[in-house]
Structures are given as structure tokens and as C-alpha cells.
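Structure, as C-alpha cells:
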Amino acid sequence: MNKQKSRECQPCTACCDGWLQIVVEGKPVYPGKPCHHSTGSGCNDYANRPVDPCQQFICGWRMDDSPLPDWMKPSNAKVVVLFNQTQWRGMPVDVAVPVGRRIPPRALNWLQQFAQTRQRGLLYSEQIVENGQFSNRQAAHVYGPPEFQQEMAQRMQSGLPLW
């Protein structure tokens with residue numbers, strides 16, 4: 001991969017807007033309930049943001065030598081990609097979370113092709129809407145070898161985390 005210049009977040013705040021379902025300073029963040037520090041175009045206390053989850057978070061689009069093309073910025077492509085969230089039988093597994101109800105087809109197709117050509121697993125989700133609003137629940141989907149799909153389906157049925 002070619003060395004790229006550092007990518008800037010702003011005005012993207014997808015990680016702060018609840019799509020990743022995090023807890024910041026004891027306060028839950030989920031779809032429809034953004035971080036209490038989010039201004040919609042940045043963080044109102046960026047210099048003092050907590051180590052976990054904020055400083056430790058590595059956006060797949062911003063990480064050094066990201067394979068994601070420029071158009072895959074989360075605010076544009078409507079997906080947050082988290083590379084190497086776990087391993088399955090030595091295969092890296094990536095996670096993709098929609099910024100909105102579901103990952104748009106162009107971005108999902110790109111991620112699936114990437115997973116296939118690089119021999120990676122892909123776990124991705126779709127937001128569940130209840131009573132016309134996003135809930136804090138998500139439907140999980142699996143892309144990869146048949147054995148990987150079967151094992152992840154068994155984990156989901158057993159209520160076990162996928163990563």
C-alpha cells in the first residue's frame with residue numbers, strides 16, 4: 001500500500017453519534033443518543049476526551065495506511081469500519097457498522113470484495129427500528145467462508161458475542 005497523508009475526522013462524527021454504541025464517562029451512546037460532548041461537527045472537549053473509548057478508538061478510514069478509499073469516509077459512505085476486531089482460525093475479521101439503518105450497497109459491495117480478495121471475515125450490522133426510532137439493538141450479518149458463517153450463526157443463536 002502507498003503511504004498516505006493523515007486523514008481528518010471533521011466534520012464526520014459517526015463514532016460519536018451512537019452508531020458504535022459506546023459508553024462515555026458512564027453515559028451510554030447509541031443511535032438516537034449521541035455523546036454528550038458531540039457538537040455534530042466535532043467534540044466540545046476534545047483535549048480532555050477519555051482514553052476509553054475515545055482516544056483508543058481507531059477508525060478504519062483514519063488509521064495509518066488505511067486500505068479504504070477516500071470516498072469511504074464514514075460521513076460519506078455511511079459506514080464505520082473497524083479492522084482486525086478479532087481472528088477466526090487465523091483469519092482477520094473486520095466489523096462494519098452502518099451510519100444510519102443499513103450500509104449502502106456501494107460500500108457493502110466494496111467491503112465484501114475486500115474481504116474476499118484479502119481472505120478476511122466481515123461482520124456487519126443493520127440498525128433495528130422500533131416504533132419509528134432507532135433502538136440500541138442491531139441485526140448482525142456475516143460474510144466469509146461457509147464454515148465462518150456457520151460458526152458465527154451458532155454464536156448468534158447461543159447469544160455469544162461475535163467479537
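The values are calculated or read from the model by the stated rules, or taken from the named source; none is laboratory data. From a predicted model like this one, the values you see are computed outputs, not experimental measurements. Glycine gets a Cβ as well: all are built from the backbone with ideal geometry, and neighbour counts include every protein chain shown.
Answer with yes or no whether residue 27 is closer than 18 Å to residue 125 by Cα and at pLDDT 90 or above. Steps first, answer last, please.
Working: closer than 18 Å to residue 125 by Cα: no; at pLDDT 90 or above: yes.
It is false that residue 27 is closer than 18 Å to residue 125 by Cα and at pLDDT 90 or above.
Would you check if there is a residue in the stretch 30-46 being touching a strand residue (DSSP E or B) at 6+ places or on another chain (Cβ under 8 Å) and over 26 Å from residue 138 (Cβ atoms)? Yes.
Screening residue 93 against (1) surrounded by fewer than 15 Cβ atoms within 10 Å (Cβ to Cβ); (2) touching a Ser or Thr at 6+ places or on another chain (Cβ under 8 Å); (3) hydrophobic (A, V, I, L, M, F, W, C) leaves a single unmet condition, (1). Against the definition (part of a helix (DSSP H, G or I) and at pLDDT 90 or above), how does residue 53 come out, yes or no? Spelling it out, residue 53 is indeed part of a helix (DSSP H, G or I) and at pLDDT 90 or above.
Can residue 86 be described as in the same structural domain as residue 148 (by TED's automatic domain parsing), more than 13 Å from residue 72 (Cβ to Cβ), surrounded by fewer than 16 Cβ atoms within 10 Å (Cβ to Cβ) and within 16 Å of the chain's Cα centre (by Cα)? Walk me through how you get there before you give the answer.
Values: in the same structural domain as residue 148 (by TED's automatic domain parsing): yes; more than 13 Å from residue 72 (Cβ to Cβ): yes; surrounded by fewer than 16 Cβ atoms within 10 Å (Cβ to Cβ): yes; within 16 Å of the chain's Cα centre (by Cα): yes.
Yes, satisfied.
Beta carbons closer than 6 Å, at least 6 apart along the sequence or on distinct chains, pair a first residue in the stretch 26-39 that is outside the structural domain of residue 98 (by TED's automatic domain parsing) and touching a residue at least 60 places away in the same chain (Cβ under 8 Å) with a second that is loosely packed, with under 12 Cβ neighbours inside 10 Å and not aromatic (Phe, Trp, Tyr) for 32/133.
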